[in-house]
Amino acid sequence: MAVRTAVTPPATEVAPVTIVVGEEEFLVDRSVRDLIAAARDAWDPASSGDVHDLEGAELGPGELESLVSPSLFGSGSVVVIRSAQNAGKDVAADLVGFAQKPAPDAILILTHAGGAKGKELLAGVKGARARVVECPKITRFSERLDFVRGEFRRAGRRADDGAARALLDAVGSDLRELAAACDQLAADTDGTGAGIDEAVVARYYRGRAEATGFTVADRAVEGHLAQALEQLRWALATGVSPVLICSALAQGVRLLGRVGSAPRGASSAALAAEVGAPPWKIDRVRQQLRGWHPNGIARALHAVAEADAQVKGESTSAAYALERAIRRIVASRTGTDPA
């Protein structure tokens, strides 16, 4: 059975052999920790067992047999072989042999990058019906949203889409940082009432001015006028510079234009390299493009350019200039630009 860990944590049942496949380092590491913990829970509480953790390239022929042998005290053993694709040919044969006929009181956990290197080992272990935990690389914005939701569920909390998006904006795309942020929010907020929403995330990350500006921009280009204006007023009230907010609006609209004019079949990774944005951001902009027409994007760019000049000195009220720009951006999306 293959278990994906991008959305849900790995199952905790103990299998004689498990291979964790994929390149998402954080998920691979956590899966191994969870599997070791599950193995220890299954042992006699009076015995902690032996855990051997080493790289595939370090393991020599015949060494596996001694590692999986019972200790002097009769306790079980867990053997973790990381980057098993780097194991030598003889060692790979030992690993497949163990998977075909596991030793009693021993648990083998392998990690494998999933590429062409060591594919015979991977196929052999899978063919022996070992448990497979998949940790594929997370690159799409929607996958990161699923990851954040899963992290809150893992912590026994519920978060809405607005909270997940706001956390991605504030923290970025690093899974370790996102997981830590979810744990922190789950621990520091009341778990007996409503779930975690965008306002809670904004309160905890109010020091990240740039992220706040991008939240305003996202709501504007998505056509959510009331939410965009609410975020704008909150940002200004907490001291975010109007120049930063205007810059975020400009970047949001420019990305609409650049992504919208790209060839339809262009990959997120290739387009990200071209425009200088992460692939998950490209996926998000593609979602935001729904409902936009090229003429509307041109009008929105004009509105942002005017706001930029006003914010930088041509207007007595930067707040009014930004609010007017947001209204014009939202109206441009629907083709009813008032100005």
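The values are calculated or read from the model by the stated rules, or taken from the named source; none is laboratory data. As the structure is a computational prediction, the values presented were derived from the model and not from experiment. Reconstructed Cβ throughout: ideal geometry from the backbone, glycine too, with neighbour counts over all protein chains shown. Keep in mind that these areas ignore ligands, DNA and RNA; they rest on the heavy atoms of the full protein, side chains included. Shrake-Rupley method; radii C 1.70, N 1.55, O 1.52, S 1.80 Å.
The table that follows gives values for the structure above.
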{"read-out": "Residues of the stretch 270-280 classified as open to solvent by 30 Å² or more (accessible area, probe 1.4 Å) and either without any contact (Cβ under 8 Å) to a residue 40 or more places away in the chain or basic (Lys, Arg) (or both), total", "value": "4"}
{"read-out": "Selection status of residue 149, assigned to a loop (DSSP other than H, G, I, E, B), farther than 29 Å from residue 66 by Cα and touching a helix residue (DSSP H, G or I) at 6+ places or on another chain (Cβ under 7 Å)", "value": "no"}
{"read-out": "Residue 73 over 19 Å from residue 131 (Cβ atoms) and at pLDDT 90 or above", "value": "no"}
{"read-out": "Members of the stretch 72-89 that are assigned to a loop (DSSP other than H, G, I, E, B) and either open to solvent by less than 30 Å² (accessible area, probe 1.4 Å) or in contact with a His (Cβ under 8 Å, 6 or more places away or on another chain) (or both)", "value": "75, 76, 83, 87"}
{"read-out": "Pair list, Cβ < 8 Å and 6+ apart or interchain, from the stretch 250-269 residues that are surrounded by 15 or more Cβ atoms within 10 Å (Cβ to Cβ) and of a type outside the set (Lys, Arg) to residues that are at pLDDT below 90 and not in a helix (DSSP H, G or I)", "value": "255/277; 268/139; 268/140"}
{"read-out": "Test result for residue 160, under 26 Å from residue 28 (Cα atoms), open to solvent by 30 Å² or more (accessible area, probe 1.4 Å) and at pLDDT 85 or above", "value": "no"}
{"read-out": "Extreme residue, nearest to residue 218 (Cα to Cα), among residues of the stretch 175-189 that are touching a residue at least 24 places away in the same chain (Cβ under 8 Å) and loosely packed, with under 15 Cβ neighbours inside 10 Å", "value": "176"}
{"read-out": "Checklist (1) among the small types (Gly, Ala, Ser); (2) farther than 19 Å from residue 40 by Cα; (3) more than 32 Å from the chain's Cα centre (by Cα); (4) open to solvent by less than 60 Å² (accessible area, probe 1.4 Å) applied to residue 66, failing item", "value": "(4)"}
{"read-out": "The listed residue being under 35 Å from the mean Cα position of the chain (by Cα), part of a helix (DSSP H, G or I) and surrounded by fewer than 20 Cβ atoms within 10 Å (Cβ to Cβ), out of 123, 92, 116", "value": "123"}
